[in-house]
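The values are calculated or read from the model by the stated rules, or taken from the named source; none is laboratory data. What you are looking at is a predicted structure, and each value in this text was computed from that prediction instead of being measured. Cβ: placed from backbone, ideal geometry, glycine included. Neighbour counts: every protein chain shown. With ligands, DNA and RNA removed, areas are computed over all heavy atoms of the protein, side chains included. Shrake-Rupley method; radii C 1.70, N 1.55, O 1.52, S 1.80 Å.
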Amino acid sequence: MLGSRTPRRITIESTDILLPMDLQATLRVIVARSLDALGANESYEGDWVDISTKSGLVYLVNTDADGTLKIQHSIDGSIVDYEDTISITGGTPASDVVVARGLYAKVVYENGATAQTTFRLLVTATP
């Protein structure tokens with residue numbers, strides 16, 4: 001009788017089974033990067049970047065002059081639907097994570113009234 005068998009424990013010692021994975025979703029995407037110092041009241045503006053497979057954005061800013069970092073979020077990559085605004089103090093490196101709030105992101109950095117001699121900006125999107 002088929003139903004009267006006692007179940008037996010089976011152990012798998014090794015396997016070559018590969019699970020499908022969206023490799024692109026596991027990689028960081030560079031949203032913005034600049035090493036070019038800005039003059040007084042100048043700004044940097046990146047392009048819209050597809051972050052649809054990402055959940056957060058990590059920024060790193062190191063500059064010797066005060067300024068404002070803006071991380072813009074969009075559903076369609078053309079209209080700003082939400083904006084994170086971060087005040088940056090010259091001489092104090094800043095780094096943090098913001099939540100991805102759209103399918104696209106763009107970075108704008110507005111320098112203050114003092115010209116920079118050092119400007120290091122990196123924003124990446126992470127899984």
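Annotations
- Pick from segment 43-81, criterion of a type in the set (Ser, Thr, Tyr) and in a strand (DSSP E or B), ranking: most open to solvent (accessible area, probe 1.4 Å): SER43
- Failed item in (1) without any contact (Cβ under 8 Å) to a residue 40 or more places away in the chain; (2) in contact with a Ser or Thr (Cβ under 9 Å, 6 or more places away or on another chain); (3) of a type outside the set (A, V, I, L, M), with SER78 passing the rest: (2)
- Search result, residues across segment 27-59 that are farther than 23 Å from ASP81 by Cα and either in contact with a His (Cβ under 7 Å, 6 or more places away or on another chain) or at pLDDT 95 or above (or both): SER34, LEU35, ASP36, ALA37, LEU38, GLY39, ALA40, ASN41, GLU42
- Number of positions in segment 93-110 that are of a type outside the set (A, V, I, L, M, F, W, C) and not in a loop (DSSP other than H, G, I, E, B): 6
- Filter pass, ASP84 being out of contact with any Ser or Thr (no Cβ under 8 Å at 6 or more places or on another chain), in a strand (DSSP E or B) and surrounded by fewer than 20 Cβ atoms within 10 Å (Cβ to Cβ): yes
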